[in-house]
1. Examine region 57-75 for a residue that is outside any helix (DSSP H, G or I), in contact with a Ser or Thr (Cβ under 9 Å, 6 or more places away or on another chain) and acidic (Asp, Glu), and state whether such a residue exists.
2. Is it true that some residue in region 219-242 is among the acidic types (Asp, Glu) and either without any contact (Cβ under 8 Å) to a residue 60 or more places away in the chain or over 22 Å from residue 130 (Cβ atoms) (or both)?
3. What are the pairs, 6+ residues apart or on separate chains, where a residue within region 115-135 that is more than 15 Å from residue 51 (Cβ to Cβ) has its Cβ under 6 Å from a residue that is of a type outside the set (S, T, N, Q) and assigned to a loop (DSSP other than H, G, I, E, B)?
4. Under 7 Å between Cβ atoms, which residue pairs at least 6 apart in sequence (or on different chains) link something in region 23-38 that is in a strand (DSSP E or B) with a partner that is crowded, with 16+ Cβ neighbours inside 10 Å and aromatic (Phe, Trp, Tyr)?
5. Show the residue pairs that are 6+ apart or on different chains and have beta-carbon atoms under 8 Å apart, the first residue being within region 170-184 and over 19 Å from residue 251 (Cβ atoms), the second being of a type in the set (Asp, Glu) and surrounded by 13 or more Cβ atoms within 10 Å (Cβ to Cβ).
6. Taking into account only those residues within region 1-41 that are at pLDDT below 90 and among the small types (Gly, Ala, Ser), which is nearest to residue 263 (Cα to Cα)?
7. Could you list, in sequence order, the residues of region 226-285 that are polar (S, T, N, Q) and more than 30 Å from residue 215 (Cβ to Cβ)?
Amino acid sequence: MAQPIQQCVIPAAGLGTRFLPATKALPKELLPVGNRPAIQWGVEEAAAAGASEMVIVLSEGKELIRDHFAPSPALEELLRARGKETQLEAVRSVSSLAQFTYTYQDQPLGLGHAVLCAREHVRKDPFFCLLPDDVSYGAAPVLAQLGEAFQRFGTTVLALMRVSEEQISRYGSVAVAETVGKYHRVTGVVEKPAVKDAPSLLAIMGRYVLLPDIFDHLAHQAPGAGGEIQLTDGIGKMLGTGDIWGVEFDGELLDVGTLEGWYATLFRLAPAYAPKALEMAQSVQ
C-alpha cells in the first residue's frame, strides 16, 4: 500500500479578472462561499483527505490569503471578552487546519508554471494538487476519492467528470483504454480541445494526485494552449513513464471561479448557510 499523502499544492496566484473590480484589492480566493472563503473550502477538503501541509502559491498583492490563515490574537481576545465563543472557535480553527507554506509565482505563465513554483517546498513524495476555483460538494470530498485511488494504483490520479460536447473545449480531455467501475486508465490528454479533437467527453477537473516527476516535465515544458505552461501537457509527458488513472468522482465540484458560477453556488448553498435568504429574495420579486 502506498504511503498516505501529506502535502497539497494550492495554486492561488491568478489575477481574478472575471470578478473585477471586486478583486482589485481582495483576492478572488477570499470571496465568501457560505460562511467562509473559497480557499478555506479547499484547505478543509485537503485536510479531510489526509494532507497536513498546504503549499499555497501566491502572486504579489495576495498577502491577505496569508493573513486569513494566520492566528489573530487581537481578534480572538476581543471575541473572548465579548463572550462570542462560537465565533472564537471558528476563528481559531482556521489557523489550526494545517501547516501552511507559501511561495510566489512572479509571472502569470500558466497553471503548470504555478505548480512548478512549489517545487522547492514539496518533498520527494506524491502530493495532492487542488484548484480553489471549485468547491467540493457531496458526502465524500473529491480529493479523498483521489487519495483512495492512489492507494489502489500508486500512480498519478486525475479527477474526471463527464461533460457535454459544448463544454469539453473548456477543459482538458482524456483518452482511456480501460475502465474499472469509476476508475479509468488514461492513455492520452488534450488541453482545451475543439469538439472534433476531444478523445472523450471525460474532462479533467481541478483535483490531482501528482508524482514528484511532474516537476522535471514542467521545467522543460513549452508553452501550450493560451501561450501558457499547461499542467495537462506536463501530465501528458508522464504517460511515457508510467500509468495514469482517473476517477469519475461521486458528488460535485461547484464553480466559484466565474461570476455566474459563484452566484449559482451561493444559491445552491443558501438553504444550508442562510435559510432565510431565499425567502427574502422571493419576497421582493
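1. no
2. The answer is no, given that none of the residues of region 219-242 is among the acidic types (Asp, Glu) and either without any contact (Cβ under 8 Å) to a residue 60 or more places away in the chain or over 22 Å from residue 130 (Cβ atoms) (or both).
3. 124/212; 133/257; 135/256
4. Hits for this filter: 33/41.
5. Listed pairs, sorted by first residue: 172/191.
6. 34
7. 265, 282, 283, 285
One line per residue, one yes/no per condition, for (1) over 17 Å from residue 13 (Cβ atoms); (2) within 17 Å of the chain's Cα centre (by Cα); (3) surrounded by 16 or more Cβ atoms within 10 Å (Cβ to Cβ):
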| residue | (1), (2), (3) |
| --- | --- |
| 90 | yes, no, no |
| 100 | no, yes, yes |
| 132 | no, yes, yes |
| 135 | yes, yes, yes |
| 140 | yes, yes, no |
| 158 | yes, yes, yes |
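The values are calculated or read from the model by the stated rules, or taken from the named source; none is laboratory data. Computed from a predicted structure; not experimentally measured. Cβ sites come from the backbone with ideal geometry, for glycine too, and all protein chains shown count toward neighbours.
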